[in-house]
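Have a look at the structure below before the remarks.
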Amino acid sequence: MARIIVVTSGKGGVGKTTTSASISTGLAKRGHKTVVIDFDVGLRNLDLIMNCERRVVYDFVNVIQGEATLNQALIRDKRVDTLYILPASQTREKEALTKEGVEKVINELSERFDYIVCDSPAGIEHGALMALYYADEAVVVTNPEVSSVRDSDRILGILQSKSRRAEMGQDPVKEHLLLTRYNPDRVDRGEMLSVADVEEILAIPLLGVIPESQIVLNASNQGLPVILEEESDAGQAYEDAVARLLGEEREHRFMSSQKKGFFSRMFKGG
Amino acid sequence: MSETAVSGVKHCFQLKSASVSMTALELYFFDDEAFESTLRDKISQAPGFFKDIPLIVSLEKYEGLSSELDFFKIIGTCRRHSIHVIGVRGGNDDQRRLARGASLALLPGGNQRDQEIDTGPATETTGAADSPTPARVETRAEPAAAKIINQPVRSGQQVYAPDGDLIILAPVQAGAEVLAAGNVHVYGPLRGRALAGIHGAEHARVFCQSLEAELVSIAGHYKISEDLQDNGWKTAVQIQLRDDLLVVTPLEKA
C-alpha cells in the first residue's frame, strides 16, 4: 500500500506545484517508487515544471473515464527512473474528477507505487477536495503572510473534517507545515511573518522552510524540479524536507539572515 | 462595597430567586413502622448522603387513604434520622390541608423528570458516613453535558454546543466560530468568533487564554475586535455581561 501525500494550501501561487515536483523527485531519488498526480484539471502546470509537457498523450481524466489505461497515461520521468507523472487534463472541467473515479485510479496506483503525491489545485472547491480526500499525509504549503496563513488554516480544517480518514473515523491525516518564499531579511525588517509566528498560529509541526530564491523561478522555467539544483539553498531545503517526511531528524536551516562577509559589512555599513 | 450601601438605603435583606435541587420522598402509602424501616434501610446504604438533608414529601403517587397520612409522624421519624422535612409536593386538597397543619410548605405538583436515586451499595460504600459531601448529588440535577473539543477550531469551522458549555482545549482560529447555550471556555488563543448564551442566558461568560477575537457575544450583546483591543487584548480574560454591557476582566493568577 502506498502512502498518499497531498500537497495543498488553499491559496494559489504559494508553491504547491513546485513543492509537489520537488518532493516527488526527492522521494524517487531515494529509490522509492513514486507517482505525482496533477489534480489541477483545466490549469495543468505540473507537466511544465517536470519538463514533460511534450510527452502528454492521455491524462488523469481519460483514465477516470475509461478512455485510456493507467499505463498509457503515466509518463516516466527522464531524470529519475522511479518517478512517474500522471498529468491533468487541460480541456476538461474539475467535475470530471468523481470520487469513485479518483478512488479507482488511486487504488490501482497504490498497488504499484510506494508514494502517491497529489498536487492540489488552489481553492477549497471540488478539485482541491478530491486531491485531499484520500490523503494519509498533507504537506500544507504556506507563505509567511497573513492571507496565506488564514487559507492554510482553512484547508487544515477541511483535512480534519472532509477527508476520507475523517469521514471513516480513522487516525487523522498527518499534517506538515512547509513554509515557502521565506526571506529572513524581510522578517527582520518586520515585513514578513516569522517561522515562529506561523507555527504559533497554525499549530502543526514544521516540515521545512524554503528560502525565497531566484533559483526556484529559474528552475521552474527550465522544467527542473528545484530539488535537483543540489548546490542551491532552496534545493537543499527541499532535500531536508523530504528527509524529514521520511522520518529523519534534520536541523532546520535557512531560517536566519546570512552572515554578511567582512567586505560587505565594511562597504554596506551593515 | 455593595450596591445598597452606595445608594444609601440599607435593607435588612434582599430576596433573590434561587433554584435548589432537593431530594423528594415519593410516598405510595403510609404506615408508621414500614416507613421507618424503609427509611432506615435506605440510610444504611448511604449514611453520608442523608445526613441533615432537606426533604420534600411528594404525594403525586400516593395511593393510600388521606386519613392515614400523619405528617407529624413522618416529620418525627425523619428528625430522628437527621432528615428535615420541609414541604410537600402535589396531593389533593385534604392532604395539603393536613400538611399545612404540620407547618409544611406547599409546593406545586412537579413534572415527572425526577430521577430515581439509586442508593445501591454497589455505588455507595457504607464507609462514606464521614464524608460530608454526598457522592451522588449529580444524579438529581444533571447539568447539560459540556461539549469538549481537543483539536484546533480552524478557519471556516463552526462548533456548537446547543445545550451546555463549550470547552475547547486548543486555539480557535480567525474565521472560526464557536457557539454555546452556556459558557465558552477556550484554553488557547481565541482568534475567531465566540458566542455564549445564544439562547439568551445572560449569566453566560466567555473565558480565554488570549483574547484576539474577531467578535465576542453574550446573549446577543456583542463586541467586535476593534472595540476589544483596548482592554485585555492578547491576555487571559473572562468576558461577562453586566447591565447589558460586555465587561472584560483579567483572569488573575491565583
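The values are calculated or read from the model by the stated rules, or taken from the named source; none is laboratory data. Just so you know, these numbers come straight off a predicted model, no measurement behind them. Quick reminder, even Gly has a Cβ in these numbers, built from the backbone with ideal geometry, and neighbours come from all protein chains shown.
Quick notes on this one:
- Helices (runs of 4 or more DSSP H) wholly inside the range A:1-115 that include at least 2 residues being of a type in the set (A, V, I, L, M) and within 30 Å of A:Leu179 (Cβ to Cβ): A:16-29, A:46-49, A:99-112
- Check on A:Ser89, modelled with pLDDT under 95, more than 18 Å from the chain's Cα centre (by Cα) and within 14 Å of chain B (Cβ to nearest Cβ): no
- Selection of the range B:156-183 for residues being within 14 Å of chain A (Cβ to nearest Cβ), over 11 Å from B:Arg193 (Cβ atoms) and out of contact with any strand residue (DSSP E or B) (no Cβ under 8 Å at 6 or more places or on another chain) yields only B:Gly156.
- Matching residues in the range B:184-197 - criterion: being outside any strand (DSSP E or B) and within 14 Å of another protein chain (Cβ to nearest Cβ): B:Arg191, B:Gly192
- For the range B:146-155, the set of residues classified as buried (at least 17 other Cβ atoms within 10 Å of the Cβ) and away from every other protein chain (no Cβ under 14 Å) consists of B:Lys147 only.
- The set of residues from the range B:16-40 being modelled with pLDDT under 85, β-branched (Val, Ile, Thr) and outside any strand (DSSP E or B) comprises just one member, B:Val20.
- Once the range B:41-54 is narrowed to residues that are under 12 Å from B:Arg79 (Cα atoms) and surrounded by fewer than 20 Cβ atoms within 10 Å (Cβ to Cβ), the residue that is modelled with the lowest pLDDT is B:Lys51.
- Test for B:Val247: is it hydrophobic (A, V, I, L, M, F, W, C) and within 14 Å of chain A (Cβ to nearest Cβ): no
- Among (1) touching a Ser or Thr at 6+ places or on another chain (Cβ under 9 Å); (2) surrounded by fewer than 18 Cβ atoms within 10 Å (Cβ to Cβ); (3) modelled with pLDDT of 90 or more, the one test that A:Tyr238 misses: (2)
- Among (1) within 19 Å of B:Ile149 (Cβ to Cβ); (2) under 24 Å from the mean Cα position of the chain (by Cα) - the single one B:Gln240 does not satisfy: (1)
- Of the criteria (1) at pLDDT 80 or above; (2) in contact with a Ser or Thr (Cβ under 8 Å, 6 or more places away or on another chain), which one B:Phe72 fails: (2)
- For B:Leu98, the conditions (1) at pLDDT 50 or above; (2) in a loop (DSSP other than H, G, I, E, B); (3) over 22 Å from the mean Cα position of the chain (by Cα) all hold with the exception of (2).
- For the range A:163-173, the count of residues that are modelled with pLDDT of 95 or more, in contact with a Lys or Arg (Cβ under 9 Å, 6 or more places away or on another chain) and crowded, with 19+ Cβ neighbours inside 10 Å is at least one.
- Within the range A:114-133, the only residue that satisfies the criterion of being more than 15 Å from A:Phe60 (Cβ to Cβ), away from chain B (no Cβ under 14 Å) and of a type in the set (A, V, I, L, M, F, W, C) is A:Ala122.
- Assessment of the range A:144-155 against the conditions (in contact (Cβ under 8 Å) with a residue 40 or more places away in the chain, buried (at least 23 other Cβ atoms within 10 Å of the Cβ), within 9 Å of another protein chain (Cβ to nearest Cβ) and in contact with a Pro (Cβ under 9 Å, 6 or more places away or on another chain)) yields at least one matching residue.
- Residues within the range A:156-171 that are over 19 Å from the mean Cα position of the chain (by Cα) and within 11 Å of chain B (Cβ to nearest Cβ), tallied: 3
- For the range A:37-78, a tally of residues being closer than 17 Å to A:Ile106 by Cβ, among the β-branched types (Val, Ile, Thr) and buried (at least 18 other Cβ atoms within 10 Å of the Cβ) returns 5.
- Residue check for A:Val209: within 15 Å of the chain's Cα centre (by Cα) and β-branched (Val, Ile, Thr): yes
- Just one of the numbered conditions (1) farther than 25 Å from A:Ile227 by Cα; (2) within 14 Å of chain B (Cβ to nearest Cβ) is not true of A:Glu199: (1).
- If the condition is being in contact with a Gly (Cβ under 7 Å, 6 or more places away or on another chain) and either exposed (fewer than 15 other Cβ atoms within 10 Å of the Cβ) or not aliphatic (A, V, I, L, M) (or both), then the range A:241-250 contributes only A:Arg244.
- Residues of the range A:134-143 satisfying the condition of being touching an Asp or Glu at 6+ places or on another chain (Cβ under 8 Å) and more than 14 Å from every other protein chain (Cβ to nearest Cβ): A:Tyr134, A:Glu137
- Those strands (runs of 3 or more DSSP E) lying entirely in the range B:198-248 with at least 3 residues among the aliphatic types (A, V, I, L, M): B:215-218, B:237-242
- Scanning the range A:101-110 for residues that are more than 21 Å from A:Thr8 (Cα to Cα) and either free of Cβ contacts under 8 Å to residues at least 40 places away in the same chain or buried (at least 16 other Cβ atoms within 10 Å of the Cβ) (or both) yields a total of 1.
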